[in-house]
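Participant: My questions all concern the structure below.
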Amino acid sequence: MTSHLSPGESFLIHGGSSGIGTFAIQIAKHLGVKVFVTAGSEEKLAACKGLGADVCINYKTEDFVARVKEETNGKGVDVILDNIGGSYLQRNLNSLAVDGRLFIIGFMGGTTTEVNLQAMLARRLTIQAAGLRNRSLANKAQIVSEVEKNVWPAVASGKVKPVIYKTFPLSEAAESHKLMETSSHIGKILLIP
């Protein structure tokens, strides 16, 4: 909603096999968007492809900037969903098209970096970030309302389905965190009360 991702645009999702990534692939395809993903194994990329990703990039063996430029004839993508942060910032800017939007949702690659801002001015790029914790109750209610209106119908109709890797009882929260830290999962890890 914040990045105004629209039908016909292109969208790069870092961590395509994560819980957020697997959902983002499906909702973007539902909206008519060309989806690019990064992930760290062929198994994870295959899962992303199965969910509808159009271009799958192994970030361990390929330069995602070069691949994005190749696949878009040098244009770049319209929107990037980034959970890496600092270490990817310059490469993300280099991957965006004119009027591109970078949406940061995490900092797995750190919170600080040095960046050349020239691309932002030359191509009119926008950097956005989001978190729910520091939002007012009214703002959270507005987000829920927008999700009910724009996302939930696709879930209710079965066109978008959450990918559940494993569930744990709440009493095994420590074990679920250990699994998450291995980064071997595809989709969501759920704690059940």
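The values are calculated or read from the model by the stated rules, or taken from the named source; none is laboratory data. Keep in mind that what you see is a predicted model, and the values were worked out from it rather than measured. Cβ: placed from backbone, ideal geometry, glycine included. Neighbour counts: every protein chain shown. The accessibility values were calculated without ligands, DNA or RNA, using every heavy atom of the protein model including side chains. Shrake-Rupley method; radii C 1.70, N 1.55, O 1.52, S 1.80 Å.
Participant: Please report, in whole Å³, the volume per residue of the convex hull around the C-alpha atoms of region 10-129.
Facilitator: Each residue corresponds to 93 Å³ of Cα convex hull volume.
Participant: Using the alpha-carbon centroid of each, what span in Å lies between region 1-67 and region 114-193?
Facilitator: Using only Cα atoms to place each centre, the spacing works out to 14 Å.
Participant: What residue among ALA173, ALA39, ALA119 has the largest mean-square fluctuation in a Gaussian network model of the chain, using Cα springs under 10 Å?
Facilitator: Taking springs between Cα atoms under 10 Å, the residue moving most is ALA173.
Participant: Could I ask something else about it? Please give the solvent-accessible surface of TYR88 in Å², to the nearest 10, using a probe radius of 1.4 Å with every protein chain present.
Facilitator: Solvent-accessible area, nearest 10 Å²: 20 Å².
Participant: If I model a spin label as a point 7 Å beyond the Cα along the Cα-Cβ vector, how far apart are those points for VAL155 and GLU42 in nm?
Facilitator: Between VAL155 and GLU42, the simple spin-label model gives 3.5 nm.
Participant: With all protein chains present, how much of the accessible area of the chain (probe radius 1.4 Å) comes from carbon and sulfur, to the nearest whole percent?
Facilitator: That share works out to 57 percent.
Participant: Tell me the angle of helix 42-51 to the major Cα principal axis of the chain, expressed in degrees between 0 and 90 and rounded to the nearest ten.
Facilitator: On a 0 to 90 degree scale, this one is about 90.
Participant: Given region 20-66, report the % of alpha carbon pairs whose separation exceeds 17 Å. Walk me through the numbers on the way to the answer.
Facilitator: Working: 288 of 1081 pairs.
Percent of Cα pairs beyond 17 Å in region 20-66: 27.
Participant: Would you mind computing, in nm to one decimal, how far apart the modelled labels at ASN94 and LEU179 are, each placed 7 Å from Cα along Cα→Cβ?
Facilitator: Going from the ASN94 label point to the LEU179 one covers 3.7 nm.
Participant: In addition: Quote the charge dipole size of region 10-129 about the Cα centre in Debye, to the nearest 20; the model charges only the Cβ of Lys and Arg (+1) and of Asp and Glu (-1).
Facilitator: 200 debye
Participant: Another question, then. On a 0 to 90° scale, report how tilted helix 173-182 is relative to the longest principal axis of the chain, with both axes built from alpha carbons and the result rounded to the nearest 10.
Facilitator: 30 degrees
Participant: Using only the heavy atoms of the protein chains and a 1.4 Å probe, how would THR167, THR111 rank by accessible area, largest first? Can you show the working numbers first?
Facilitator: Numbers: THR167 75, THR111 110 Å².
So the residues, ranked largest to smallest area, are THR111, THR167.
Participant: Classify region 77-151: rounded, prolate or oblate, from the alpha-carbon gyration tensor (a ≥ b ≥ c, eigenvalue square roots; a/c under 1.5 rounded; otherwise prolate if a/b is larger than b/c)?
Facilitator: Here region 77-151 falls in the prolate category.
Participant: Can you tell me the orientation of helix 137-150 relative to the chain, as the angle in degrees between its alpha-carbon axis and the longest Cα principal axis, to the nearest 10?
Facilitator: 80 degrees
Participant: Of ILE25, ILE105, ILE80, which is the most mobile in a GNM of the chain whose springs link Cα atoms less than 10 angstrom apart?
Facilitator: ILE105
Participant: Still on this model: Using bins 5 angstrom wide from zero, how does P(r) for region 142-191 break down, in % of all Cα pairs?
Facilitator: So the P(r) values, bin by bin, are 5, 18, 19, 15, 13, 16, 13, 0.
Participant: Quick one: among SER145, SER183, SER136, which has the greatest mean-square fluctuation in a GNM of the chain with alpha-carbon springs under 10 angstrom?
Facilitator: SER136
Participant: How large is the accessible surface per residue of region 1-127, computed with a 1.4 Å probe and reported in Å² as a whole number?
Facilitator: 46 Å²
Participant: May I pose another question? Once you've got the Cα coordinates, tell me which of LYS49/LYS75; LYS34/LYS60; LYS60/LYS161; LYS29/LYS149 are over 24 Å apart.
Facilitator: On the way: LYS49/LYS75 22 Å; LYS34/LYS60 22 Å; LYS60/LYS161 28 Å; LYS29/LYS149 17 Å.
Correct reply: LYS60/LYS161.
Participant: Given the -39500 (n - 2.57) contribution per DSSP H run of 4+ residues, what per-residue ellipticity at 222 nm results for the chain, rounded to the nearest 500 deg cm²/dmol?
Facilitator: Numbers: 8 runs with 72 residues, N = 193.
Mean residue ellipticity, 222 nm, calculated: -10500 deg cm²/dmol.
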